[in-house]
Every structure is written in C-alpha cells, then in structure tokens.
Amino acid sequence: MAWMKIASIVLLLALAVQGSALAQDRLVVDCNLFFNNNGNCPATEARLGTACADTFNTCDLINTIFPNNETIDPEFINDPLLNQLAPDFRVTAGGNATHLGGAPVGVVPNDGFFTQPYFVGAMGSGADEDWTKPWCYYPTNGAGRTDLPNGAPNVVSGNITSNTTWGDVVDGYLLSGTVRVLAPAVLTIQPGVVIFGEEATTGTLIIEQGARINAVGTPEQPIIFTSDALPGQQDRGQWGGVVLNGRAPVNCAAVPGGTCEGEGGSGTFGGNLPNDNSGTLRYVRIEYAGKEFSLDNELNALTQNGVGSGTTIDHVQTHRGFDDGFEWFGGTNNVHHIIATDCGDDHLDWQVGYRGKVQYAISRHVADVTTADRGIEADNYEFGFDNSPRSNPTFSNVTIVGTRGQAAGGRGITLRRGTAGTIINSIIYNTRGVAVDLDDAATFNNCWGTPCTLLRDQVGIAAEPAVPVSAPLAVNLAPNPFNPSTQVAFTLTEPGAVRVAVYDSNGRLVDEIAGHGELAAGRQTFSWNAPAGASSGTYYYRVEAAGQVATGKMHLIK
C-alpha cells in the first residue's frame, strides 16, 4: 500500500501549494467578449521562455481556466470603426453583448463603487446610455473647431501656493512651463474653462502631494486642457499634460510606504495614505498632450502617481496624446466613465502596485502612428516582478476597439511583469495584434483566480431593461444558395437608419452592402455580389434597420 501513502503525500503537498497560492493576489480574465481580433484562439500567443508555456497558454487562460469568455460579435448599434468623428459604442438591445442576448455578464463587487450592468462593454443600448455625449471630442487636428477662444489667454507660470480659482474668462489660461500646485493649496477650475499648454515651454500642470485640484465641468461645459497650436495644426505631444502626485502606496519605493520619482521630472509620489485625496476631475478633456522630453521620457495625458481612493475621477477623456492616455503608477484611486481615443501608445496603463477600481472605460486606437500599441498594458514593476504591494486592480465594462487590417496598432490587453488583477464584462474588438497576451512566469503564477459569478444565475438582480415590443424584421433572401449574387429584401415600417453587412463563418466582416443611411418607410432591396476570390460556403447576413436586427445564413456555391 506504499503507493497510497505516496499519493496522500502528493495530495497534501498539492493542497498546501494551493492554499498558499490562494493567499496571494490573483489574475482573472473572465466574462468578456472577444471578436474579430488577430490571432483569436487557438493562435493567441503566450511568450514565456519557461516551462510554463508547456502547461497552458493564453487560450487556455481565457477559454478553460476562466470559462465564461465568449468569442462572438458584440453587435454594436453602429460599428464604432465606421465613424471616427462620431463613434457609437452602444450595443444592440437584446443582442449578444447583453444579458438577454446571452452574454456572460459577471456579477460585480457590491462595494458601493461598482454598479451592476446588464451588458458587457462600456455602454448599454439605450439612447440615454451614451455617456460620452455631448462633452467628448474626436477630430484629428482641431480644424474648424469653434469651442476654443482665440484671444490672448491669461498666462500662468511657476508655483501656486494658495487657494486659487480659474474662472470662465473669455480667453482661457496658458500654462507656461511647469505649473505646480503646492500643498496645501487647492486649484479650482470652473465649468467651461479652457487651459492651453504652451508648446514652446512644454506647459504642464502638476498637482503635488498634499495639494488638490477641483476641476468640475458639465456635459455642456466641459473643462478643456489642450494645445496652444492653432486649430488645424494641433497634434500629439504639443504640451506636457496633467499629473496628480498622491500619497497612496506604491511598490517602486526603496522601503515600504516610501516615495518614488515621477517620469519627466514630474515630482515625488507614494506613501502610506491609501485614502489620500488629490481632488476631483469631472467632465474634463485632455487633448494633444504627452510631449517627449527625450527618448522614452515623456508625460502621459493624465498621469496618476500614487493617487489615493479619496480622489474623484469620472467623465474624463484623453484624446490624441503622444504617449499613454491614462496611466496609474501605483495608488488606490477609483475611476469611472473614462475614454481614451487615438493616443500614440497605450490607452489604459497600470504599474508599480496599482490597486484601484475602474468601471465603464473606452479605448479606441487609430492606425496613423506606428507606435499605437495596447488598449491595456499592465505591469507589476519592471525592476521587481514580485514587488509588494502587487498591482491588482479590478476593471469592469471596458470596450477596446483596435485597428485590425490597418498598417499599425497592437494588442488588446498585455499582462506582464508579475501583475495580478481582474478584467471582466469587457469587449476586446478588432485588434491588430492578439486580444490577450500574457508575458513572464511571474504573471502566469497569478492565474489561478476564481471565475466570474454570472448575473443570469443570480436572484433579485435587475437584468436588462425590457426591449420595446415590435414586429420582427422579416428578411427575404433570394436566391439562396446563389452564385455569384443574391438579393436581400425587407420592409421598413417607419423611416430609419439601415445597415446591411455580410460576414464569413469566422465572424469576420466580408462586405457592407448598405451603411447607416436614413431610408424612407417601404420595401427595400439590396444586391450582393460575392467577391471574385470568395470561396464556396456559408456566410451570414446582418440587417440593422430602424432599431430592428435580423440575421441569417446565406450559401455561396461555386
């Protein structure tokens, strides 16, 4: 019976290892939708260079260890790829990304911060659920814009040492060089104020440890930080950006509770005050920031250095920054309703022990710079993969839109250098690189987390709002099978926008027959000619018409 004794010892050792593992911070990537990304499973990469690669790869992580991920079309109401200047990140009512449509919506922590969604991604389906309107901004170089003053702004330079208010002056304010708000001063910025960063002097605003900013705009009057270049000549990296230096814990310090030095000479941050308060940013836009001082030494649009949970950040957009959109260097602050668009590097980036919470976030890349990289880049600490406190944030309801099929762009999510963390209820869509990339054995060691608890399994939690009852959209496809053309016909009972698209059996867009045009009520007919190189097989049509959706199979026979 020696084999039983040996087996018992092995089991006890396994339980001991598991028990010790359960005590550490964990990595969870579950209850997400992945669609149309380059290298979807089973080709998703995992670069380790260790024996861990023989155990499992990223595909195992997102499909087996965390079983509630899906590779299905999120069914946006209007594909955000198709309109760069007015993207719509909402999902179709009752569609794949909603609880009623079958999405694996995960239960979020009931901790007073998170709200339980009925959908995955950053937005639901209702007209009032697009939280980016009307305060966000998307044009490339500011040409033709009318939201900026064109006179001589009030010049601000040096240190702010006492409580100061920037009011709604006609021509705004100009940051000349680095402007630092020193403790215990509070800088208050009123709704609608425009603050220009001076390109010639790398204008930058830094809120130092113990100081605060109170920048509260409104949807109709957001506070705007932008470049002082003329409209039509605005571009990435023309000024510094906004930096918050807090006193919350970080893991880059020489001793626990110590401090670190920020990038670009941005100052000291970190400490032992997890509830530290650096102020409030609400309905704020930060545009064209992130000037590079030297190689690999640049500021981000919004840099959060050791920021504490007493800080309030919501409804903030970073647009066309040279480096990252939002970066967390440690800290514990909680953030919701943020959007990063068209930045030159990563959009949501955490490291050095960040342990906060984020809900409702958008990352949209465009492929006009070769450096465009990741929707999320996550590290523990590059000089100490197991440093404590370990990075371990919780991100829920993120929408990442990439640049697949274009000349530049990167991965959806990169998790590396020993990070832990939770990413749930999110959409990773159309990335040029792989959807999820895990690097380093120190990261894989954190992968034994707990899969999501599903919303559909809960009792007493409100699910998706009722979808208005209407007659289903009846689509007639003839001929079917066909070669080489067929006709898609349906009747609009009321005027509305129409989109007709064709996908292959892997869910990849093949052709768009009609795109978002407003059509009158009545019978509509569209023809589709299969491309010359299309192979025989099953394809799928999708008709979106006046708020209704219909899908079906179509068979090309050559």
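Laboratory data are not the source of any read-out in this text; all were calculated from the coordinates shown. Nothing here was measured: the structure is a model prediction, and the numbers come from that model. Virtual Cβ from ideal backbone geometry, glycine too; neighbours counted across all protein chains shown.
Kindly write out, for the stretch 280-291 in residue order, the coupling ³J(HN,Hα) from the Karplus curve 6.51 cos²θ - 1.76 cosθ + 1.60 (θ = phi - 60°), rounded to whole Hz, with x marking Gly and Pro.
9, 10, 9, 6, 10, 10, 10, 10, 6, 9, x, 5
Got the relative contact order for the chain handy, in percent, Cα pairs under 8 Å and 6 or more residues apart?
Reported as a whole number, the value is 13 percent.
Mind listing the long-range amide H neighbours of Gly106? Cut-off is under 5 Å, sequence gap 5 or more, other chains count too, H placed in the peptide plane at 1.01 Å from N.
Those lying under 5 Å, H to H, from Gly106 are Asn425, Leu455.
Which ordering of Val155, Val29 is given by a fewest-first count of other beta-carbon atoms within 10 Å?
Fewest to most other Cβ atoms nearby, the residues stand as Val155, Val29.
Each residue of the stretch 534-540 in turn: what ³J(HN,Hα) in whole Hz from Karplus with 6.51, -1.76, 1.60 and θ = phi - 60°, glycine and Pro shown as x?
5, 8, 4, x, 8, 10, 10
Express the C-alpha Rg of the chain as a ratio against the empirical globular expectation 2.2 N^0.38 Å, rounded to two decimals.
Normalised Rg, Cα atoms only: 1.03.
Return the distance in nm (one decimal) between the two label points of a simple spin-label model at Thr268 and Ser527, each offset 7 Å from Cα along Cα→Cβ.
7.5 nm
With r defined as the distance between the Cβ atoms of Thr551 and Ala520 and R0 fixed at 30 Å, what FRET efficiency is calculated, to the nearest 0.05?
E(calc), rounded to 0.05, equals 0.80.
Quick check: the distance between the Cα centres of the stretch 260-279 and the stretch 321-377, to the nearest angstrom?
Between the Cα centre of the stretch 260-279 and that of the stretch 321-377, the gap is 18 Å.
What is the projected area of the convex hull of the Cα atoms of the stretch 127-457, averaged over all directions, in nm²?
Spelled out: convex hull of the Cα atoms, projected over all directions, averaged, 16.8 nm².
If you average the C-alpha positions of the stretch 513-558 and of the stretch 108-164 separately, how far apart do those two centres end up, in angstrom?
37 Å
I'd like the antiparallel share, as a percent to the nearest 5, of DSSP beta bridges with both residues in the chain.
30 percent
On the principal axes of its Cα set, how long, how wide and how thick is the stretch 475-556? Give whole Å, largest value first.
Extents along the principal axes: 36, 23, 18 Å.
Ranked highest first by average number of other Cβ atoms within 10 Å, how do 299-307, 345-353 line up?
Ranked by mean Cβ neighbours within 10 Å, highest first: 299-307, 345-353.
Compute the Rg to Rh ratio over the stretch 208-275 from the alpha carbon atoms, using the Kirkwood formula for Rh, and round to two decimal places.
Result for the stretch 208-275 is an Rg/Rh of 1.11.
Applying a 10 Å radius around every beta-carbon, put 183-193, 202-212 in order of their mean neighbour count, most first.
202-212, 183-193
Which of Glu512, Glu518 comes first, and how do the rest follow, when ranked by fewest Cβ neighbours within 10 Å?
By the 10 Å Cβ count, ascending: Glu518, Glu512.
Quick one: which of 81-87, 283-289 comes out on top by average Cβ neighbours within 10 Å, and what's the full order, highest first?
283-289, 81-87
Using the beta-carbon distance between Thr161 and Asn83 and R0 = 41 Å, what value does 1/(1 + (r/R0)^6) give for FRET efficiency, to the nearest 0.05?
E between Thr161 and Asn83, to the nearest 0.05, is 0.35.
Residues with amide H under 5 Å of Leu273's amide H, sequence separation 5 or more or different chain, H placed in the peptide plane at 1.01 Å from N; which?
Under 5 Å from the amide H of Leu273 lie the amide H atoms of Ala248, each far enough along the sequence or on another chain.
Would you list which aspartates and glutamates come within 19 Å of Lys558, measuring only between C-alpha atoms, while excluding same-chain residues fewer than 8 positions from it?
Once the sequence-local aspartates and glutamates are set aside, what remains near Lys558 is Asp504, Asp511.
Please give every one of the aspartates and glutamates within straight-line cross-link reach of Lys357, meaning a C-alpha to C-alpha distance under 20 Å, and leave out same-chain neighbours fewer than 8 residues apart.
Answer for Lys357, where 20 Å is the Cα cut-off: Asp25, Asp30, Asp111, Asp276, Asp314, Asp324, Glu327, Asp346, Asp349, Glu377, Asp379, listed by chain and number.
Taking neighbour counts of Cβ atoms within 10 Å as a proxy for exposure, in what order, fewest first, do Met554, Met123 appear?
Numbers: Met554 20, Met123 24.
Fewest-to-most ranking of Met554, Met123: Met554, Met123.
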